[in-house]
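Take a look at the structure set out below.
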Amino acid sequence: MRGARPGQGKGVSQHVAPEDPAPTSGSGATITPYRDGPLIVRGDFRLLDQDGNEIDPGRETIALCRCGKSGIKPFCDGSHKRAGFSAPSPPSRPRPAARILRADAP
Ligand code: FES
């Protein structure tokens, strides 16, 4: 169910992403690292914890915290602004392929 929003009613607000083009139909999800902000996930996705349990995203487009300061992890609550989180949108440098972590790695 996508009715309730994580953190809703607790004085916590989630980051609201600016409007971007929606992913092309049938292309799956897109994940966009926002400059100095969260990872915006759009499209057809499932959110699971590391044990494989479904996490209700509460909406079709979500912001995932990448600063580590959110009070509603894994979702962004805007704390990155107060924390002065800074990160570019694209990678700041190429990453050697051997160091890229696999999603199925423990
Ligand atoms: S990225 Fe927004 S609270 Fe962490």
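Quick note: the coordinates plus some simple rules give every number you see, no bench work behind them. Here the structure is a predicted model, which is why all the values come from computation and not from measurement. Glycine also receives a Cβ, built like all others from the backbone with ideal geometry; neighbour counts cover every protein chain displayed.
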Exercise. Counting only residues 5 or more places away or on other chains, whose amide H sits under 5 Å from the amide H of Ala87 once H atoms are built in the peptide plane?
Worked result: Asp36, Gly37
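Taking the highest mean first, how do the peptides 42-53, 86-97 order by number of other beta carbon atoms within 10 angstrom per residue?
Details: 42-53: 10.7, 86-97: 8.8.
My ranking of the peptides, most packed first, is 42-53, 86-97.
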Problem set entry | Built amide H within the under 5 Å cut-off of Ala29, gap 5+ | Asp44
Exercise. Size of the dipole of region 29-83 about the Cα centre, Lys and Arg at +1 and Asp and Glu at -1 on the beta carbon, nothing else charged, in debye to 20?
Worked result: 420
